[in-house]
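As structure tokens, the structure follows; a few thoughts come after it.
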């Protein structure tokens, strides 16, 4: 399996080059409380308020209510159900508490003392530029010796060791990763992300046993773990062949919106997966829009006429597809948005 590549936002960024370059030198406001007398009503204020509401009522009656403005020709007010499509849940990975600091003493003395200690510890596998980078970034020699004692020194470059130490990743976590056989599956930047997001190796074991490590990047694994997406749901998605249809953020959104794999299967069988984004599917499902209604819209050529929020509005206000066809025959549909269609239908019905 390919190791996860580290990409801090720039494809041309090289951490090793960066670290080598760094090593080379390059008054209290009292708002107070208003006087109680200032809030006592006065006769003048009461008369002004009464006059305002009388005037507003007169204007309302003159124009014939809200639909008088739209010229529906009916003084009765049609009540339109306000439809606000549910938003998909946020997919942001919850911020994990900071990892405990690695308890190593700070470097004491100058660079020559540090260099001498390196030689005394027989850490001859590092170049002078690497040792200088360790010194400039505060990596204690004992941390490097602990990696050597765990047999991990050959698994990481010097820049990786700097990144691991300064991200508070303890050697014990890397030993757990090694014992579980994951060091070949994740880069050092992935190990940093997994540790600082509190992803235990036991969860990685579950993902491996269910054969999901090849399907998701380490950032996806972090998102799935911290969003509590169950392995069972992922297995259902795979059995229905949906892992290639949805990103991990989409899977998180679908799961946390309780969208069943059965509903996704029905959408797929009717050919709707290519017509709607995952957030649209969440909105349609949460609003109980029937797939038969979507089919009627599609068969009559109106599926592309309205956004998914428009479809939710039409369905929630019981607007039949036949009414859309009637508007279309009268050449009215092209000049109306979905809320105007709903208003026209409710006014006539």
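Worth pointing out:
- Condition broken by residue 311, with the remaining ones in (1) under 24 Å from the mean Cα position of the chain (by Cα); (2) under 30 Å from residue 239 (Cβ atoms); (3) assigned to a helix (DSSP H, G or I) satisfied: (1)
- Selection from segment 158-170 of residues that are more than 31 Å from the chain's Cα centre (by Cα) and more than 18 Å from residue 121 (Cα to Cα): none
- Test: residue in segment 230-238 that is touching a helix residue (DSSP H, G or I) at 6+ places or on another chain (Cβ under 7 Å) and not in a helix (DSSP H, G or I): no
- Filtered by the rule that a residue be over 16 Å from residue 216 (Cα atoms) and assigned to a helix (DSSP H, G or I), segment 181-198 gives 188, 192, 195, 196.
- Subset tally (residues that are within 20 Å of residue 290 (Cβ to Cβ) and either touching a strand residue (DSSP E or B) at 6+ places or on another chain (Cβ under 8 Å) or assigned to a helix (DSSP H, G or I) (or both)) for segment 315-345: 11
- The residues of segment 120-145 that are closer than 16 Å to residue 167 by Cα and part of a loop (DSSP other than H, G, I, E, B), listed by number, are 137, 138, 139, 140.
- Of the criteria (1) in contact with a helix residue (DSSP H, G or I) (Cβ under 6 Å, 6 or more places away or on another chain); (2) at pLDDT below 95, which one residue 159 fails: (2)
The values are calculated or read from the model by the stated rules, or taken from the named source; none is laboratory data. Being a predicted model, the structure only gives us computed values, none of them experimental. Cβ coordinates were reconstructed from backbone atoms using ideal geometry, including for glycine residues, and neighbour counts include every protein chain displayed.
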